[in-house]
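The values are calculated or read from the model by the stated rules, or taken from the named source; none is laboratory data. Note that the structure is predicted; figures quoted are calculated from it, not measured. Positions of Cβ are generated from backbone atoms using ideal geometry, with glycine treated the same way; all protein chains shown enter the neighbour counts. SASA here: full protein model, heavy atoms, side chains in, ligands and nucleic acids out. Shrake-Rupley method; radii C 1.70, N 1.55, O 1.52, S 1.80 Å.
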Amino acid sequence: TALVVNGGGTNNSIFNNTFIGEKISFYSTTFSGQDLIQTGTKLTNNIMSGATMLASGADAAVLSNNVAAEVDDKYLPMKGSPAVDKGAVIAENTEAFVGKAPDVGAYELGGAYWTPGANWTVPEGIQ
């Protein structure tokens, strides 16, 4: 599973990610006796290659502008991909992009490449 969110998690913003290589792209789980609630959660502009397991009805997350698309070995969308220039502009989230619209997924084809994950140095004296 690429991303697991607590089933009682509401108002999550899950934008511009690349979830590939897993059978399940997005999954929510709950503890026994709890309801699966994702009210206010938005999944937008994500590349997803697997299934999603979401709440339904009034408690469901809102999915928009997510696509299944191939990426290269650096997770960049391939030229001609349905992810290129097909992203929605998300207020207070979308920064500069290349082309007529942002790309769907974590990376912008033709944009600056960045390395995902934490990048820090452990201070001396801490093990």
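Annotations
- Of all DSSP beta bridges confined to the chain, the antiparallel ones make up roughly 5%.
- ³J(HN,Hα), Karplus 6.51/-1.76/1.60, whole Hz, each residue of region 60-65, x for Gly, Pro: 6, 6, 9, 9, 8, 6
- Carbon + sulfur, % of accessible area of region 1-99 - ligands and nucleic acids excluded, 1.4 Å: 50 percent
- Backbone N within region 15-48 under 13 Å of label point (7 Å from residue 94 Cα along the Cβ vector): 16, 44-46
- Looking at region 15-127, the accessible area is 65 square angstrom per residue; that uses a 1.4 Å probe and ignores ligands, DNA and RNA.
- Label-point gap, in nm, between residue 68 and residue 34 - each point 7 angstrom along Cα→Cβ: 3.0 nm
- Loop-located trypsin sites (Lys or Arg not before Pro) in region 1-89 (DSSP state not H, G, I, E or B) with no more than 10 neighbouring Cβ atoms inside 10 Å: 23, 74, 79.
- Amide H partners (placed H, <5 Å) of residue 53, local residues excluded: 26, 27, 28
- Relative contact order (%) - criterion: Cα under 8 Å, at least six apart; region: the chain: 20 percent
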